[in-house]
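A short worksheet on the structure shown next.
A short reminder: the numbers here are calculations on the coordinates, not readings from a lab. Remember, it's a predicted structure, so these values are computed and weren't measured experimentally. As a convention, Cβ positions derive from the backbone with ideal geometry for all residues, glycine included, and neighbour counts pool all protein chains shown.
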């Protein structure tokens, strides 16, 4: 009787330690966690002194923090935790307004645009040379359209045309 209790206690201890032991070759999956406002340099370069709160909100989005005691300041926070490498990246960007609700200055990890960048409009147009195709390439027929997949065929059957 005593031996069976001893064996039962040993089996319980073995099972309890087996739940806490993880071999080194087994890696659990850790997700990437992204929180806050993602601000790019292009977004920040669109800010100009004298813009209204609505204009700033349109460019940068809704701020992460708006303090009722400091209504002249908006804080945009960003945090990214990489699950694989366990690295943490964080940014902070603050926007300050004057008493009239106009943009006065900005501070933070993302740099504002310089005066030259504000005066010269960005060139977003792209030149496409249509005459650069040779005669042989231009005379080639287009490849045939791919047949729709199963889901698209099913949607077409019920009248949901593209």
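Remarks
- Test: residue in segment 11-31 that is under 19 Å from the mean Cα position of the chain (by Cα) and farther than 18 Å from residue 98 by Cα: yes
- Being without any contact (Cβ under 8 Å) to a residue 12 or more places away in the chain and either surrounded by 10 or more Cβ atoms within 10 Å (Cβ to Cβ) or touching a strand residue (DSSP E or B) at 6+ places or on another chain (Cβ under 9 Å) (or both) holds for only one residue in 25, 12, and it is 12.
- Subset of segment 47-105 (residues that are part of a loop (DSSP other than H, G, I, E, B), crowded, with 16+ Cβ neighbours inside 10 Å and under 24 Å from the mean Cα position of the chain (by Cα)): 47, 63, 64
Rundown of residues vs (1) touching a residue at least 24 places away in the same chain (Cβ under 8 Å); (2) more than 17 Å from residue 98 (Cβ to Cβ), yes/no style:
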residue: 40; (1), (2): yes, yes
residue: 47; (1), (2): yes, no
residue: 59; (1), (2): no, yes
residue: 68; (1), (2): no, yes
residue: 79; (1), (2): yes, yes
